[in-house]
Amino acid sequence: HTKGSRWLPAYEVFGEGVFFRLCEGELVKWENLPGVLDRTAKLRHSQEVSDLGKGLPKVTPRLVMLHTLSHLIMCEMAHTAGYSAASLGERIYSGEAGAGHHGMAGVLIYTAAGDSEGTLGGLARLGETGEFAPIVLAALERALFCSLDPVCRELPSQGMDGLNLAACHACALLPETSCEWRNCLLDRALVVSAGPGAHPPGFMDSLLDSG
């Protein structure tokens, strides 16, 4: 270190991952539905009265839905790619459109290691055409039912400080090292609903219906 120099410690890692983003137009229409806003308001209230919640990003429909979708897909990828769920990580890119900037709605699922032998290509392969769609559909079908339903889906809140809605260890929670926000701000009902006509509608309902 020399006088006047500016530097930060760093280390090199090798990894692989899959990034996907959702259609902004469809997302805007969904996140402004009254049922979606009402359900998200319950989680926002839990965040406002929680000390833990103050260290988490502000609850919005798209953020909770993206975070939950990320967890569901990570669980499915762990079964397919040969990695344990604890070796996977996530980055959520969520932001509503505003003055001078576009909305964000993306997820990066990745694994990284300091050793060049630490990644074997199995995760990146799942992002290829023909591989990713079946994983998403399988994750959505699995999310329709939890072994703790109807309790899991119908509880007014659960998890640390009530910072989850329909999400428990049987369906949507991951190892703590894999989750960006300590397994908080999760709700399966915003991804897939309980069935036709259910409220609120899940953002992925139409995809699941179309197969």
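The values are calculated or read from the model by the stated rules, or taken from the named source; none is laboratory data. Just so it is clear, the structure is predicted and the values come from calculations on it, not from any experiment. As a convention, Cβ positions derive from the backbone with ideal geometry for all residues, glycine included, and neighbour counts pool all protein chains shown. The area values use the complete protein model at the heavy-atom level, side chains included, leaving out ligands, DNA and RNA. Shrake-Rupley method; radii C 1.70, N 1.55, O 1.52, S 1.80 Å.
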Residue check for residue 75: under 18 Å from residue 140 (Cα atoms) and loosely packed, with under 13 Cβ neighbours inside 10 Å: no
Looking at (1) in contact with a helix residue (DSSP H, G or I) (Cβ under 7 Å, 6 or more places away or on another chain); (2) more than 18 Å from residue 90 (Cα to Cα), which is the one condition that is false for residue 158? (1)
From the residues in the stretch 35-45 that are more than 19 Å from the chain's Cα centre (by Cα) and in contact (Cβ under 8 Å) with a residue 40 or more places away in the chain, which one is surrounded by the fewest Cβ atoms within 10 Å (Cβ to Cβ)? 38
Being open to solvent by 30 Å² or more (accessible area, probe 1.4 Å), out of contact with any strand residue (DSSP E or B) (no Cβ under 8 Å at 6 or more places or on another chain) and on the phi > 0 side of the Ramachandran plot is the filter here; which residues of the stretch 159-189 pass it? 161, 182
Scanning the stretch 143-167 residue by residue, the ones that are within 17 Å of residue 201 (Cα to Cα) and within 16 Å of the chain's Cα centre (by Cα) total 5
Only unsatisfied item for residue 86, checking (1) open to solvent by 50 Å² or more (accessible area, probe 1.4 Å); (2) touching a Lys or Arg at 6+ places or on another chain (Cβ under 9 Å); (3) under 16 Å from residue 169 (Cα atoms), is (2)
Flag if residue 29 is open to solvent by 60 Å² or more (accessible area, probe 1.4 Å) and either touching a residue at least 24 places away in the same chain (Cβ under 8 Å) or closer than 29 Å to residue 160 by Cβ (or both): no
Among the residues of the stretch 63-92, what is the count of those that are outside any loop (DSSP other than H, G, I, E, B) and over 10 Å from the mean Cα position of the chain (by Cα)? 11
Residue list for the stretch 114-158, restricted to those being buried (at least 17 other Cβ atoms within 10 Å of the Cβ), β-branched (Val, Ile, Thr) and at pLDDT 90 or above: 135, 136
Would you confirm, using the coordinates I've provided, whether residue 59 is open to solvent by less than 60 Å² (accessible area, probe 1.4 Å) and modelled with pLDDT of 95 or more? yes
